[in-house]
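The values are calculated or read from the model by the stated rules, or taken from the named source; none is laboratory data. In this text, all values refer to a predicted model and were calculated from it rather than measured experimentally. As a convention, Cβ positions derive from the backbone with ideal geometry for all residues, glycine included, and neighbour counts pool all protein chains shown.
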Amino acid sequence: MKKSINWKLFFVLLALCVVATFLVLPYTIALSPNLASVFTPIVIGAQVIQAALIFSVSIFLGLFLSKKVGFGMPVLEGKKPVSYLGSVLKLSIGMGVLSGILIILFSFLFSSLSMSFLKAEVGVATWKGFLASFYGGFAEEIVFRLFLMTLFVWITTKFIRTRDGRPTSVGIWISIVLSTVIFGLGHLGITSSLTTITIPVILRAVLLNGVSVIFGWLYWKKGLESAMIAHFSADIVVHVITPIVAAFII
């Protein structure tokens with residue numbers, strides 16, 4: 001077990017997640033001002049400790065299981081040179097921007113709901129949306145791709161696998177979809193502070209966040225670093241660029 005975990009990488013990823021948790025707070029409070037009175041230093045400290053525990057378990061299991069299914073972080077794990085990031089940078093950013101655009105387009109299917117959410121985002125300072133994007137790029141990718149998607153891939157290999165024991169494309173796609181649905185449902189927490197949770201609200205969360213299947217595909221094909229870059233890029237489109245443009249229209 002000890003040899004299966006790169007502890008240096010474990011603590012690097014944990015640090016990124018904890019920092020990202022702090023960075024997203026201004027954005028969260030801006031969307032839900034009532035939380036400002038709740039987020040006392042003691043509460044914030046407790047939240048960070050709780051998040052650190054969740055991240056620790058997610059990172060540990062993610063690193064352990066990713067070795068078993070052949071996934072991972074090729075650059076951070078030292079399997080590929082840093083120059084590898086340059087080779088996937090355009091693809092990652094491009095897929096991220098595409099994801100952000102798809103989210104905006106899909107939001108038109110729920111025009112009234114999306115408009116109320118957009119008005120709330122327009123009122124958030126641009127720098128807060130920018131900082132929040134790091135949470136998506138780091139923390140959410142580590143939890144939902146490195147851990148959850150990898151876990152599902154590992155589970156599917158217990159039922160369907162190649163002759164040499166590797167995951168099948170079918171099993172991987174099942175894992176991508178399952179982790180994506182859970183990822184979408186996970187956004188209902190912040191959504192509940194803006195509106196009542198109804199069936200349309202749930203469908204909207206799952207559909208809009210469903211574009212993260214792209215991040216799952218990048219994790220599978222290019223590595224977690226690529227998925228992180230794409231997710232960060234998508235969040236920049238959604239939480240930074242879109243509110244700036246909308247401010248001139250609404």
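Just a few scattered comments:
- In the condition set (1) over 20 Å from the mean Cα position of the chain (by Cα); (2) at pLDDT 90 or above, residue 37 is compliant with all but (2).
- In the condition set (1) assigned to a helix (DSSP H, G or I); (2) out of contact with any His (no Cβ under 7 Å at 6 or more places or on another chain), residue 141 is compliant with all but (2).
- In the condition set (1) surrounded by fewer than 16 Cβ atoms within 10 Å (Cβ to Cβ); (2) of a type outside the set (Val, Ile, Thr); (3) under 21 Å from residue 21 (Cβ atoms), residue 147 is compliant with all but (1).
- Yes/no for residue 66 being in a helix (DSSP H, G or I), free of Cβ contacts under 8 Å to residues at least 40 places away in the same chain and more than 20 Å from residue 133 (Cα to Cα): no
- Residue check for residue 133: assigned to a helix (DSSP H, G or I), surrounded by 19 or more Cβ atoms within 10 Å (Cβ to Cβ), at negative phi and not acidic (Asp, Glu): yes
- Here residue 61 meets the list (1) part of a helix (DSSP H, G or I); (2) surrounded by fewer than 13 Cβ atoms within 10 Å (Cβ to Cβ) almost entirely, failing just condition (2).
- Look at (1) modelled with pLDDT of 95 or more; (2) surrounded by 18 or more Cβ atoms within 10 Å (Cβ to Cβ); (3) not in a loop (DSSP other than H, G, I, E, B); (4) not acidic (Asp, Glu) and you find that residue 28 fails only one, number (1).
- Evaluation of residue 16 against (1) of a type outside the set (Phe, Trp, Tyr); (2) surrounded by fewer than 17 Cβ atoms within 10 Å (Cβ to Cβ); (3) in a helix (DSSP H, G or I) (one fails), failing number: (2)
- Cβ-Cβ distances below 6 Å connect the following pairs, each with a first residue in the range 224-250 that is closer than 24 Å to residue 65 by Cβ, a second residue that is among the hydrophobic types (A, V, I, L, M, F, W, C) and assigned to a loop (DSSP other than H, G, I, E, B), and a separation of six or more residues or different chains: 224/73; 225/73; 225/75.
- The range 31-49, subset under 17 Å from residue 131 (Cβ atoms) and of a type in the set (A, V, I, L, M, F, W, C), residue surrounded by the fewest Cβ atoms within 10 Å (Cβ to Cβ): 36
- Criterion (touching a Gly at 6+ places or on another chain (Cβ under 9 Å) and charged (D, E, K, R)) met by exactly one of 67, 80, 8: 80
Residues are listed down the side, and each one gets a yes or a no for (1) closer than 26 Å to residue 34 by Cα; (2) at pLDDT 95 or above; (3) surrounded by fewer than 22 Cβ atoms within 10 Å (Cβ to Cβ):
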position	(1), (2), (3)
117	yes, no, yes
142	no, yes, no
155	no, yes, yes
169	no, yes, yes
187	yes, no, yes
195	yes, no, yes
212	no, yes, no
219	no, yes, no
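- Residue in the range 43-56 that is under 19 Å from the mean Cα position of the chain (by Cα) and under 25 Å from residue 173 (Cβ atoms) present: no
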